[in-house]
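Student: Can you read through this structure? Questions will come right after.
Since every read-out is calculated from the coordinates, none of them should be taken as a lab result. Everything numeric here is computed off the predicted structure, so don't read it as measured data. Heads up, the Cβs are rebuilt from the backbone with ideal geometry, glycines too, and the neighbour counts pull from every protein chain shown.
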Amino acid sequence: MKCSKCGGLAVINMRQHRLRLCTSHFTEWFATMVQRTIEKYEMFSPADKVLVAVSGGKDSLALWDVLLRTGYEAEGMYIGLGIDEGIGYSDKSLAMCRQFVTEHHPGAVLHVVDLGEEYGQDIPYLAHTRQRGRGKPCSVCGLVKRHIMNRVARDGGFAAIATGHNLDDEVAVLMQNTLHWQAGYLARQAPVLLERDGLARKVKPFVRIYEREAAAYALVRGIDYIYDECPFARGSTTNFYKELLNQLELQSPGAKQQFYLQFLQARDKGEIRFAGEGAVELRPCRRCSQPTTAGDLCAFCRLWES
Ligand code: Q46
Ligand code: ZN
Ligand code: ZN
């Protein structure tokens, strides 16, 4: 297989882009693709300081790497959730983030907030007491991560929080939301969520990057990452939709990209509209002063009360 640009040995075949690229042309193409996405959706500018949410997985470490190599002032942020489940998941993922800094970007800043150390309880405990042992801890976990991420971004003067959500993640969520006609979620699913009332801006520079492209980038850059996904993500509906969409993509290369990008286009042009597009009113929480829709105390503060 030959590189479409130089005729050298290609390491990846991207049927949806009709491109086969060698290592150096692929890394160059990848960085250009991310840069174009940042510019197209006006995510942030070179003068901005960006906080990258890192989990030790391939997407977030690839994102941090490409932003640093492009010259952005990007600092990492890791939240220790205290998830073990017999595989030491949280400890391993932090070790991967630290290893990434040492091996690839010595001097890069990694902020670490350990939930247990800072707040006294970890995710499995919080989920257990709150949900009385039923279901997965993901809703509690999502709430905690959003709160801490926002606090660090706000206190540190970051222009945006960048996450490694890739095209496969976004398309799976879009499909799920469409199948259930979740108008509110469809109204808000976007590559950029603007900052407002104490909520930091959130951006997803990988929305046009397929999952296998992010994995290939990590591989050719020699980035080691945690291969296990969070034990609580196993068997999730999102993973089921990802498998379905992979089958569709196999028959029709580019189908995922079209589904997602045309959805964004149609919504931006006003061709489709959803209820719930208006912004909900936010007030500062009495205890932590972070914005909330929930009245006096935000959901995070209520979590610790209960
Ligand atoms: S929400 Fe759920 Fe994730 Fe938290 S408990 Fe694991 S799978 S880490 S993205
Ligand atoms: Zn080449
Ligand atoms: Zn609060």
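Student: Please compute, for the alpha-carbon atoms of the chain, the extent along each of the three principal axes and give them in descending order in Å.
Tutor: The Cα atoms of the chain stretch 63, 48, 41 Å along the principal axes, largest first.
Student: One-quarter of the Cα convex hull surface for segment 175-225, in nm²?
Tutor: 5.4
Student: Starting from the eigenvalues of the Cα gyration tensor, five times each then square-rooted, give me the equivalent ellipsoid semi-axes of segment 147-201, largest first, whole Å.
Tutor: 26, 13, 8
Student: In addition: What number, rounded to the nearest 500 deg cm²/dmol, is the helix-based mean residue ellipticity at 222 nm of the chain, given -39500 (n - 2.57) per DSSP H run of at least four residues and division by all its residues?
Tutor: Result for the chain, helices only: -14500 deg cm²/dmol.
Student: Which residue fluctuates most in the GNM of the chain (Cα springs below 10 Å): 284, 205, 46?
Tutor: 46
Student: A follow-up question, please. Please report 147, 180 as a ranked list, fewest other C-beta atoms within 10 angstrom at the top and most at the bottom.
Tutor: Listed from fewest to most nearby Cβ atoms, that is 180, 147.
Student: Would you mind checking the tilt of helix 23-40 against the longest principal axis of the Cα atoms of the chain, expressed as 0 to 90 degrees and rounded to 10?
Tutor: Orientation of helix 23-40: about 50 degrees from the principal axis.
Student: Can you give me the Kirkwood hydrodynamic radius for segment 1-70, using every pair of distinct Cα atoms, in Å to one decimal?
Tutor: Here the Kirkwood hydrodynamic radius works out to 13.6 Å.
Student: From the Cα gyration tensor of segment 82-183, with a ≥ b ≥ c the square roots of its eigenvalues, which class applies: rounded if a/c is under 1.5, or else prolate if a/b is larger than b/c, or else oblate?
Tutor: Oblate, because a/c is 1.5 or more while a/b does not exceed b/c.
Student: If you don't mind, there's one more thing I want to ask. List the relative contact order of the chain as a percent without decimals, with contacts defined as Cα pairs under 8 Å and 6+ residues apart.
Tutor: The value is 20 percent.
Student: Would you mind ranking 241, 217 by Cβ crowding within 10 Å, fewest neighbours first?
Tutor: Result, fewest neighbours first: 241, 217.
Student: Compute the Rg/Rh shape ratio of segment 204-271: radius of gyration over Kirkwood radius, all on alpha-carbon atoms.
Tutor: Using Cα coordinates only, the ratio equals 1.03.
Student: Starting from the Kirkwood Rh over alpha-carbon pairs, what translational D in µm² s⁻¹ does segment 4-124 have by Stokes-Einstein at 20 °C and 1.002 mPa s?
Tutor: 130
Student: Sort 23, 178, 293 so the one with the fewest other Cβ atoms within 10 Å of its own Cβ comes first.
Tutor: In order of increasing Cβ crowding within 10 Å: 293, 178, 23.
Student: Using alpha carbons only, what's the Rg to Rh ratio of segment 238-306 with Rh from Kirkwood?
Tutor: For segment 238-306, the value is 1.24.
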